[in-house]
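Worksheet: one structure, shown below.
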Amino acid sequence: MDLNLANRRALVTAASGGIGLAAAEALCGEGAAVLITSSNAANVTEAAQEIRGRVRDAAIGSTVLDLRDPESIAAGVARAIDELGGLDILVTNHGGPPNRSLAETDIDTLDDWYDQTIRSTAMLCRQALPALRDGGGTITHLVGASARQPRAGAIVGAMLRPGLFGLSKALSREEGPHGVRSNCVAPRGISSDRITSKLQARAEREGTSVKDIEAQRTSAIPLGRFGTPDEFARAVAFISSPAASYITGSVLPVDGGWSAML
């Protein structure tokens, strides 16, 4: 299927690695011009170079954008619009909050992750919407599927991620008349450095092997395996494209069937 992304202009935040990088690469592979961001200049520059090495004729640029800093958010979106000549796609992403109980979570940590997730996403959308309305753009939020079933020991994500679902759904209703779509893509069990480190940490806590912990995790996934970043990224490219022109206000799970059991 041709997703009709050639010459579309996209901004992808927190894209120096993991699913953000994979999403940016998929958009580039479909012909979109993409600007990726990170709070770390060296990391985001290297990530753009990686995409250039894997995607022929990739139209990829990079800039520093700190999701904790409102001025940085405003400047990053303005730069994307200026360098790309407009904006058709906004992909919001952020790092994963720490896995801690409420008793282990201090107020400063909670405030910091509120800034990085809820506040930053709202600000990104506000800054980007005037450009997105010009031609009917899309907003795609990358939000962990565990937001649909919060668990103990991960209180920050349990509190904040559902708010992103709510923001996206409300935006779909507010901006639909302007031709702007807003959707979430919800990953779980996608292979990444973060997944690897979480498996290793749990194995150490429980005094068992990473292989055993991985088997426990995949046993809860109907497909019986972890997904690849590319599998996730293809879903992001689709939902952000004209091929999904009648889809808005949705949460698309990319989780091997995990959410089907909820």
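The values are calculated or read from the model by the stated rules, or taken from the named source; none is laboratory data. Note that the structure is a prediction, hence the values are computed from the model and not measured. Note: ideal-geometry Cβ built from the backbone for every residue, glycine included; neighbour counts use all protein chains shown. SASA here: full protein model, heavy atoms, side chains in, ligands and nucleic acids out. Shrake-Rupley method; radii C 1.70, N 1.55, O 1.52, S 1.80 Å.
Could you compute Rg(Cα) / (2.2 N^0.38 Å) for the range 221-262, with N its residue count?
Working: Rg = 11.7 Å, N = 42, 2.2 N^0.38 = 9.1 Å.
For the range 221-262, the normalised Cα radius of gyration is 1.29.
Taking only Cα atoms of the range 89-246, what ratio of Rg to Rh do you get with Rh as the Kirkwood inverse-distance radius?
1.01
In degrees, nearest 10, range 0 to 90: what is the angle between the Cα axis of helix 70-84 and the longest Cα principal axis of the chain?
The two axes meet at around 50 degrees.
In vacuo Debye scattering of the range 104-146, one point per C-alpha: log10 I(q)/I(0) at q = 0.16, 0.22 Å⁻¹?
The calculated log intensity ratios at q = 0.16, 0.22 Å⁻¹ are -0.56, -0.81.
Of Leu132, Pro162, Ser219, which is farthest towards the positive pole of the chain's charge dipole, taken about the Cα centre with +1 and -1 on the beta-carbons of Lys, Arg and Asp, Glu respectively?
Of the listed residues, the answer is Ser219.
Calculate how steeply helix 210-219 sits against the longest principal axis of the alpha-carbon atoms of the chain, using the helix alpha-carbon long axis, and give the answer as 0 to 90 degrees to the nearest 10.
Between helix and principal axis, roughly 70 degrees.
How many Å² of accessible area per residue for the chain, probe 1.4 Å?
Value returned for the chain: 47 Å² of accessible area per residue.
To the nearest 20 debye, what is the magnitude of the charge dipole of the chain about its Cα centre, counting +1 on the Cβ of each Lys and Arg and -1 on the Cβ of each Asp and Glu? Could the numbers behind the result be given before it?
Values: 26 positive and 29 negative charges, 143 e Å.
My answer is approximately 680 debye.
Could you give the angle, 0 to 90 degrees to the nearest 10, between helix 193-206's Cα long axis and the longest principal axis of the Cα atoms of the chain?
With rounding to tens, the tilt is 10 degrees.
Measuring from centroid to centroid over Cα atoms, what is the spacing of the range 206-262 and the range 96-110 in Å?
With the range 206-262 and the range 96-110 each reduced to a Cα centre, they are spaced 25 Å.
Would you please state the base-10 log of I(q)/I(0) at q = 0.11, 0.15, 0.18, 0.22 1/Å for the range 162-262, with intensities from the Debye formula using one equal scatterer on every alpha carbon?
Here log10 of I(q) over I(0) equals -0.44, -0.72, -0.90, -1.11.
DSSP loop (so not H, G, I, E, B), at most 16 other Cβ within 10 Å: list which chymotrypsin sites (Phe, Trp or Tyr not before Pro) in the range 202-262 pass both filters.
Filter output for the range 202-262: Tyr246.
Keeping the other protein chains in place, figure out the carbon and sulfur percent of the accessible area of the chain, with a 1.4 Å probe.
Here it works out to 49 percent.
Please list, by residue number, every one of the trypsin sites (Lys or Arg not before Pro) in the range 64-163 that is coil in DSSP and has at most 12 other beta-carbon atoms within 10 Å.
Numbers: sites: Arg68, Arg79, Arg100, Arg119, Arg126, Arg133, Arg148, Arg151; in loops: Arg68, Arg100, Arg151.
Passing sites in the range 64-163 are Arg151.
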